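The values are calculated or read from the model by the stated rules, or taken from the named source; none is laboratory data. Source: prediction; values computed, not measured. Virtual Cβ from ideal backbone geometry, glycine too; neighbours counted across all protein chains shown.
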Amino acid sequence: MSSLATFKHPYAATILLVAAATLLGKTLLSGVAPANQVMLYLLVVVITGLWWGRGPTVLASALGVLAFDVFFVPPLYRLSVAHAEYIITFIALLVVALAIGTLTSRLRDHAAALQASETETAALYAFSRRMAAACEVHDVARAVVEHVETTFHQAAYLEVPGGLATGTPLTGGVRLPLRASHGEVGVLTIAGMGAVPARLIEALADQAAVALERAQLAETARRAQVLIEAEKLHDALLHSISHSLRTPLASIIGSLSALLDPAQVKLEPTTQRELAQTAREEAERLNGLVGNLLDMTRLEAGHLKLVIDWYDMADVIGAALAQAERVLNGRQVTADIPQDLPLVPLDQVLIVQVLDNLLNNAAKYSPHDSPIAIRVALDAGRILVSVADRGSGIPAAERSRVFDKFHRVDQPGSPAGTGLGLAICKGMVEAHHGRIWVDDREGGGTVATFSLPLAEARDEVEQGAGGR
């Protein structure tokens, strides 16, 4: 029966139903009184009204009256009536059939309208959920195109001012400007409307416009917040760097002024030597700060190129200890280096700088009379180098941040600095395809460890890495 409801020729189907009702009445219900057989035609009218609407219902009513007269009312098979009471039956049948047909047709149309409304509501609800979940402009644009193509089976293309375009470009179709409270935020092009209600497309376009505007405003707000934070960071970094640079400069100027002051010509030789030593130390400190800033600039600009060659790790550590001699100031340093360690492919200048920075940190953040330990090990094709001190350690929450630029662990009595040393170490180690991290040292203190892969660095040696 459901196949008849979708029949492409409802009038022909109506004729068939009337014929079927007549055949049923003449065969199986031949002994039933004609007044009761009228119910068959009323049933046909109801079915026709529910399935096919007003036109087929009127046809079913007229054909039902004719068929009842010809096949069931004496004289049979003629358009005549032997008894006057059947006239009333004909009229009643026609009126009731038309009334039932009209009501069932309206019921059918109403049900279809409710179903269409429910479908539209579901589509809008699903679309609104997708729009609510999309935060970025490109996510909203992609969701709009995908929803239109999936729901309406029509190709779609969305253009957003500023260069963003999603979907397949269409040469024709229906163009729908997406207008929000601040103006047009995009243009949605659909290949064809088909049977899609215009009000549904318009509702989707309105939702898409609101979602796009919301995403654009959120993006603008995020950019503004980033600019504000960047400005704050810029100010803080400028203040920090200015302070770090001015402190040694002030000491240098003060020491040299004291030495050059005519009123101080009678200074003791020891005092003069101390002032000169102070000026030298502060100049070296200033030189280190400028060097760190330049190294960080090179790292961030991507201008740092490795000069890889084969080196004995003991020689590299020796060069780093010689470079850090002044900072270590006679402090005991132990080095545990395996005798059978192979030559290591690395950039000596950079790894010496890494070790120098780690030794400087170990010296600055641990008691002056405590030893520093260096240990080298070979583990699964990687060289591990660690520098351990007996300082106060690094809180667990800070360990992942100590390698960030300008980040310093705020602890009582911490020496001044720019927070660039470990960030530079990280950049130089990662340029070797290695990694660096810090841990607590058993018994107290900090262990800073970096690893260098042998295989990748060996490939660079064989390929002949360029110079800096």
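Filter region 141-167 down to the residues that are assigned to a helix (DSSP H, G or I) and β-branched (Val, Ile, Thr), then identify the one that is surrounded by the most Cβ atoms within 10 Å (Cβ to Cβ).
Going through region 141-167, the residues assigned to a helix (DSSP H, G or I) turn out to be 141-152.
Narrowing the set further to residues that are β-branched (Val, Ile, Thr) leaves 144-145, 148, 150-151.
Values: Val144: 29, Val145: 22, Val148: 27, Thr150: 11, Thr151: 16.
Result: Val144.
Exactly one of (1) in contact with a Phe, Trp or Tyr (Cβ under 9 Å, 6 or more places away or on another chain); (2) surrounded by 15 or more Cβ atoms within 10 Å (Cβ to Cβ); (3) at pLDDT below 75 is unmet by Leu50. Its number?
Of (1) in contact with a Phe, Trp or Tyr (Cβ under 9 Å, 6 or more places away or on another chain); (2) surrounded by 15 or more Cβ atoms within 10 Å (Cβ to Cβ); (3) at pLDDT below 75, only one is false for Leu50: (1).
Of all the residues that make up region 323-362, how many are modelled with pLDDT under 90 and of a type in the set (Gly, Ala, Ser)?
Qualifying residue count for the region: 2.
Would it be correct to say that Ala263 is small (Gly, Ala, Ser), modelled with pLDDT of 75 or more and surrounded by fewer than 17 Cβ atoms within 10 Å (Cβ to Cβ)? Outline the logic, then answer.
On the way: small (Gly, Ala, Ser): yes; modelled with pLDDT of 75 or more: no; surrounded by fewer than 17 Cβ atoms within 10 Å (Cβ to Cβ): yes.
In short, no.
Could you identify the single residue in Arg390, Arg401, Arg326 that is surrounded by fewer than 21 Cβ atoms within 10 Å (Cβ to Cβ), touching a residue at least 24 places away in the same chain (Cβ under 8 Å), under 23 Å from Asp440 (Cβ atoms) and in the same structural domain as Pro453 (by TED's automatic domain parsing)?
On the way: Arg401 fails: touching a residue at least 24 places away in the same chain (Cβ under 8 Å); Arg326 fails: under 23 Å from Asp440 (Cβ atoms).
Answer to the check: Arg390.
For Thr171, indicate whether it is of a type in the set (Val, Ile, Thr) and at pLDDT below 75.
Numbers: of a type in the set (Val, Ile, Thr): yes; at pLDDT below 75: no.
So Thr171 fails the test.
When the residues of region 340-367 are filtered to those that are in contact with a Lys or Arg (Cβ under 7 Å, 6 or more places away or on another chain) and not in a helix (DSSP H, G or I), which remaining residue is surrounded by the most Cβ atoms within 10 Å (Cβ to Cβ)? Even if it seems obvious, please write down each step before you answer.
Residues of region 340-367 that are in contact with a Lys or Arg (Cβ under 7 Å, 6 or more places away or on another chain), as a first pass: 345, 363, 366-367.
Still in the running and not in a helix (DSSP H, G or I): 345, 366-367.
Values: Pro345: 24, Ser366: 21, Pro367: 12.
Only one residue fits best here, namely Pro345.
Can you pull out every residue in region 219-259 that is at pLDDT below 75 and β-branched (Val, Ile, Thr)?
Ile241, Thr247
Within the group Ala198, Ala221, Ala205, which residue is in contact (Cβ under 8 Å) with a residue 24 or more places away in the chain and of a type in the set (A, V, I, L, M)?
Working: Ala198 fails: in contact (Cβ under 8 Å) with a residue 24 or more places away in the chain; Ala221 fails: in contact (Cβ under 8 Å) with a residue 24 or more places away in the chain.
Every option except Ala205 fails the conditions.
Quick check on His110: is it closer than 30 Å to Leu200 by Cβ, at pLDDT 80 or above and loosely packed, with under 15 Cβ neighbours inside 10 Å? Before the answer, list the steps.
Details: closer than 30 Å to Leu200 by Cβ: yes; at pLDDT 80 or above: no; loosely packed, with under 15 Cβ neighbours inside 10 Å: yes.
Spelling it out, it is not the case that His110 is closer than 30 Å to Leu200 by Cβ, at pLDDT 80 or above and loosely packed, with under 15 Cβ neighbours inside 10 Å.
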